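A short worksheet on the structure shown next.
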Amino acid sequence: MSDSTPAAPVVLDVWCELQCPDCHQALTDVHALRAKYGDRLDVRLRHFPLEKHKHAYAAAQAAEEAADQGKGWPYIEAVLARTGDLARTGEPLLVEVARELGLDTEEMDTALIDGRHMLIVDADQAEGKAIGVTGTPTYVIGDERLDGGKSQDGLRERIEEIADRLLAERG
């Protein structure tokens, strides 16, 4: 009897910051990659809040709470679509987006106060620094790191080349 278990997906880590306009622009590539590869590409958001963005750390924690409530990516995309608003209004925007998505806003507010997701954000940031992430967005696929903070030009094509190669190697 042959085992026809599908191969594990290729992992694409996207080191992101939710107050970063460049990360908002990167969503176009993320959507295209998901459309092309489906379940064969596991796109994972990794937190890398930058010190220059006052509300990025809270936004990362809020994204983790949204994920716990089952709407991680919709929340991430909604916040990224409003980076300017986040810069101006801060945490009230994070709770407002949660309300718009039907999340438990009291739980969101409590998570931001009690810091229950700080360790996840801190671990992502530490791992990012350890592998040389200095800005956002930064992509890691296979053993290659691609810096999208300077320019998004050609990055999707490069990610596709690497993904295609990795998928071919897996059979």
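Taken together, the values in this text are just the output of simple stated rules run on the coordinates, not laboratory data. All values reported here derive from a predicted model rather than from experimental measurement. Here the Cβ is made from the backbone with ideal geometry for all residues, glycine too, and neighbour counts use every protein chain on show.
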Got a sec? How would Trp15, Trp73 order by Cβ neighbour count within 10 Å, fewest to most? Trp73, Trp15
The chain: relative contact order from alpha carbon pairs under 8 Å, six or more residues apart, as a whole percent, is 31 percent
Tell me the angle of helix 105-114 to the major Cα principal axis of the chain, expressed in degrees between 0 and 90 and rounded to the nearest ten. 90 degrees
Tell me the relative contact order for segment 14-67 as a rounded percent, counting alpha carbon contacts under 8 Å between residues six or more apart. 47 percent
Restricted to the chain, the DSSP antiparallel beta bridge percent, nearest 5, is 55 percent
Extension reserve of the Arg99-Asp68 stretch, reckoned as 0.36 nm per residue once the Cα distance is removed: 9.7 nm
